[in-house]
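The values are calculated or read from the model by the stated rules, or taken from the named source; none is laboratory data. All values derive from a computational prediction rather than experimental measurement. Cβ sites come from the backbone with ideal geometry, for glycine too, and all protein chains shown count toward neighbours. Heavy atoms of the whole protein, side chains included, go into the accessibility calculation; ligands, DNA and RNA do not. Shrake-Rupley method; radii C 1.70, N 1.55, O 1.52, S 1.80 Å.
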Amino acid sequence: MSEIVITTLAERPEYLERMYEFADAWPAFMHNDPIGNAFMGQVPVHFPDQCVVATENGELVAHGRSIPFVFPDENRTELPSGGWDRVLHWGFHDLRNDRTPNVSSALEILIRPSHLGRGLSHDMLAAMRKAVKALGHSALYAPVRPNGKTDVHQPMTEYIEARRADGLPQDPWLRVHVRAGGKIVQVAPRSMVIAGTLDEWREWTGLPFDTTGDVVVPKALVPVHVDVAHNHAVYVEPNVWVRHDL
């Protein structure tokens, strides 16, 4: 088996344009978060020294993005309930205002489907921790998307308590973080908010969206709230804040 090489994007900027090669690993509806669409493409441009890429024989097989921010301060006394969306706001607010960040947040670790099951998630997280620590940051936070959650009606606060016999979290991604030394802090109940017309949701999911109420969408962590009379549906995704002390 050939060697997988992991570095920061700053060390290999030629991979910047290739970071969307397997973005379809996310469910289609996830590409319609307005905050993510506004900011995520700018993360590797502005912060390549804390974005990581993995290659095998020159092929991009995994990538990860993180963003620096200031925390805590007088206006940020707690991790935000707005999770992923909010920390993107914070990071670019701090960049615009020339503030000196002291921590970072992971935003994404995405692995090419052909390379799942090879322990790459652990290696990518370790590389991201190393990159952030090299910048002098005291912690790497992560609004983790626990995609092992299959019961959309189970509250996230309950799901994160599920443990295996060895005491590690039942959820695979939370387990990766805990094994790496991360500590589960709290749920971010509105980490990502995706709203659309019923036609948009039909296009994203292939489902009819013709009844008011909760709709279960494949790969969603909670139900999508549908209002036929007002022609919209809203998905409010909870994530889980994890802290890695560096």
For K183, which lysines qualify as cross-link partners when the Cα separation must be under 22 Å and same-chain residues fewer than eight apart are set aside? K130, K133, K149
In the chain, what percent of the accessible surface is made up of carbon and sulfur (1.4 Å probe, ligands and nucleic acids excluded)? 51
Given the Cα-Cα distance of R118 and E78 and 0.36 nm per residue of separation, how much length would full extension add, in nm? 10.9 nm
Quickly estimate the mean residue ellipticity at 222 nm for the chain, helices only: each DSSP H run with n ≥ 4 gives -39500 (n - 2.57), and the total goes over all residues, rounded to 500. -6500 deg cm²/dmol
Length gained, R163-R202, 0.36 nm per residue minus C-alpha separation, equals 10.5 nm
1/(1 + (r/R0)^6) with r = Cβ-Cβ of A134 and N32, R0 = 25 Å, i.e. FRET efficiency to nearest 0.05, evaluates to 0.15
Using the C-alpha atoms of the stretch 55-177, what convex hull volume per residue, in cubic angstrom, is computed? 146
In nm, to one decimal, how far is the A195 label point from the T7 one, both placed 7 Å along Cα→Cβ? 4.4
Each label sits 7 Å from Cα toward the beta-carbon; between R99 and T212 the label points are separated, in nm, by 4.2
Give the long-range amide H neighbours of L60: residues separated by 5 or more places, or on another chain, with amide H under 5 Å away, using H modelled in the peptide plane at 1.01 Å from N. none
